[in-house]
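Comments concern the structure below.
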Amino acid sequence: MGGLRVNAPLDTDRIRADFGKSAPGLDAVRTRADFPILSRPMSGHPLVYLDSAATSQKPAAVIRAISRYYEEANANAHRGVYALAEDATRVLEDARARVAAFLHVTAPRQVAFTRNATEGINLVAHAWGDRHVAEGDEVVVTAMEHHSDLVPWHLLARRTGCRVRAVPVTDEGLLDLDALRRLLTPRVRLVALAHVSNVLATVNPVAEVARLAHEAGAAVLVDAAQSVPHVPVDATAIGADFLAFSGHKMLGPMGIGGVAIAERHLDDMDPFLGGGQMIREVALESSSYADAPARFEAGTPDVASAAGLAAAVEYLSAIGMDAIAAHSRSLGVRARERLSALPGVRLLGPDAAGPASSGTLVTFVVDGAHPHDIAADLGREGIAVRAGHHCAQPLMKRFGVASTTRASFYLYNTDSEVDAFATALERVVARYARPHSSARPSDSLPAGRGGGNAAARGRAEEWGSDLDREVVLDHYLRPAGRDPVDDCQVEWEGRNPLCGDEVTVRVRLDGDRIAGLQVVGHGCSVSVASGSMLASELKGRTLPDAYRLLRGLKAMLRNEALPDDLDLGDLKALEGIRELPVRVKCALLPWTTFEEGMMQWPQPQPTSSTSSGP
Ligand code: PMP
């Protein structure tokens, strides 16, 4: 493993002395100093970064390793014969050796670099799956998989005619192992499962699953995207045939990850992508292929990211994965304790203190508050958490939710950050607690401004003026247009798959006048408020007039000029949303649903030339 070291000599002695296994615990306050980004404020507050399950922050040692590679060793690896190119090759292969040792696989050639875990899983689905899976065969997944460990198997099923079957998840968030045993028939070629769930923090018994799968004659792919960064992982002891990981979640740069492949499969797999580097010999009409891992790595590799990943592995190893795991778990336990005391908060997944959980993250839903609103409001206080379906839609469905909020912890997070998060969440929960008088009557046209008291509710997320946010919150808490519409002629449903918002619009027309309008569904404050505004603004208008308002809203959200004589009414309160691209979709959802619904109606069309407008 000798040769050029582009990793600035890492002061591993200092890191070990400060945080290592011999120390009573990891000192996150000191760790933080190694992460330059953590000293930047966010929204005027100290940054509390609780989204490491999405991507981790990078220590200076990793950032330095990348720039040093470009300053001192950049050339195309495995190509040139001059000294610089050999340096680049050495950097790449040194990184491979470090990752192999970190994952406890025997030989570096068992590690194929990819862009991320997703690409690693796709590599296996093509290079192994296309060769070993056929019509009538089965691939077993679990109901807690990330889409990255579902969609590649769905695509394999389309290519081969195999069937994908799923192990269910219990109410507690554990795999139903009895169901797995029943699914393990001789038809099963592969079991693909997460080591640690990115939503529930469940630690799946992967070694046990591998044993059962092997007994049934199936191979096992472990999606280790959430385990490799947080807990010691021994791919060989697990018995994984394939183990995929992402560098960016383990302090490394974006753009590199990989898959560790059991020795027995290396010569039994086809190439993944075709191109340079993966070949043995190429003629005009056919080619033969290199051995692993080159066979799986077509094209110029990301050597700089490999240098960064090597530095990340060195950094993690210097602190020690046991210490890191214990630290993150202690934060997860603390967070669950604080959150379980909050009214209306429901936590998903097993107890963070127990062996069934990594304790590295908490996922929750709050009565009456949409995850997008929670995450946006926390963001305004400098706290970064993730909201959405976390690329695990089947799991969301299993727990009867469209989306959740997730806070995830790592070696640079502190107890006081967890406390700041829990305290801020308490304020958010209170803000969205519904008043006893629920819906505003749909006939109260228009919805009045300033019906609530923003100061008393606390401050909402950062966009628009206080008054605008208050108007939106008021519409959200007392939405118009909920009353049923008899004899509706148009009914249309709209969804925002990103956050699970759903809306149904029902319209009754009298000639070209909107005589009845109902807007129902669920969503974040912005989409619900926008639906309430749609109901109150459009009822009684003619269709051309309604389409004119719709075009006006779109123009406002695109920052385009509006006609002088167009009065947007309460919709004006949504103007500030255009600064938040993700939420523009929320604001538009009821309106595009209305528009699509009206497309089904004979005359006049939203886009027809008969409608006047800007
Ligand atoms: N699997 C799991 C369990 C994950 O959490 C993630 C990332 N959220 C992935 C796979 C995909 O990782 P990437 O986007 O880096 O490929």
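The values are calculated or read from the model by the stated rules, or taken from the named source; none is laboratory data. Just so we're clear, the structure is a prediction, and the values are computed from it rather than from any experiment. Cβ: placed from backbone, ideal geometry, glycine included. Neighbour counts: every protein chain shown.
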message = Would you confirm whether or not the stretch 324-338 contains a residue that is under 20 Å from LEU50 (Cβ atoms), assigned to a strand (DSSP E or B) and among the basic types (Lys, Arg)?
response = no
Given (1) within 16 Å of the ligand (Cβ to nearest atom); (2) out of contact with any strand residue (DSSP E or B) (no Cβ under 7 Å at 6 or more places or on another chain); (3) within 30 Å of ARG264 (Cβ to Cβ), index of the condition PHE102 fails = (1)
message = Of all residues being more than 25 Å from PHE399 (Cβ to Cβ) and part of a helix (DSSP H, G or I) in the stretch 132-155, which is farthest from the ligand (Cβ to nearest atom)? Just the residue, please.
response = HIS132
task = Filter the stretch 247-289 down to residues that are surrounded by 24 or more Cβ atoms within 10 Å (Cβ to Cβ) and not in a strand (DSSP E or B) and give me whichever is farthest from the ligand (Cβ to nearest atom).
result = LEU251
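Which residue out of SER67, SER56, SER43 is farther than 16 Å from THR414 by Cβ, of a type in the set (Ser, Thr, Tyr) and in contact with a Gly (Cβ under 9 Å, 6 or more places away or on another chain)?
Of SER67, SER56, SER43, the one residue that is farther than 16 Å from THR414 by Cβ, of a type in the set (Ser, Thr, Tyr) and in contact with a Gly (Cβ under 9 Å, 6 or more places away or on another chain) is SER43.
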task = List every residue pair whose Cβ atoms sit under 6 Å apart, with the two residues 6 or more apart in sequence or on different chains, where the first one lies in the stretch 144-155 and is free of Cβ contacts under 8 Å to residues at least 24 places away in the same chain and the second, anywhere, is near the ligand (Cβ under 8 Å from one of its atoms).
result = none
note = Going through the stretch 365-389 in order, the residues found to be among the basic types (Lys, Arg) and out of contact with any helix residue (DSSP H, G or I) (no Cβ under 8 Å at 6 or more places or on another chain) are ARG380
task = From (1) modelled with pLDDT under 95; (2) within 16 Å of the ligand (Cβ to nearest atom), pick out the condition that doesn't hold for ILE238.
result = (1)
task = Please specify each residue of the stretch 377-402 satisfying the condition of being within 16 Å of the ligand (Cβ to nearest atom), closer than 20 Å to SER39 by Cβ and assigned to a loop (DSSP other than H, G, I, E, B).
result = VAL385
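For every residue, the table says whether it meets (1) under 29 Å from THR404 (Cβ atoms); (2) within 15 Å of the ligand (Cβ to nearest atom); (3) of a type in the set (Val, Ile, Thr).
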residue: GLY173; (1), (2), (3): yes, yes, no
residue: ASP178; (1), (2), (3): yes, no, no
residue: LEU183; (1), (2), (3): yes, no, no
residue: ASN198; (1), (2), (3): yes, yes, no
residue: THR202; (1), (2), (3): yes, yes, yes
residue: VAL206; (1), (2), (3): yes, yes, yes
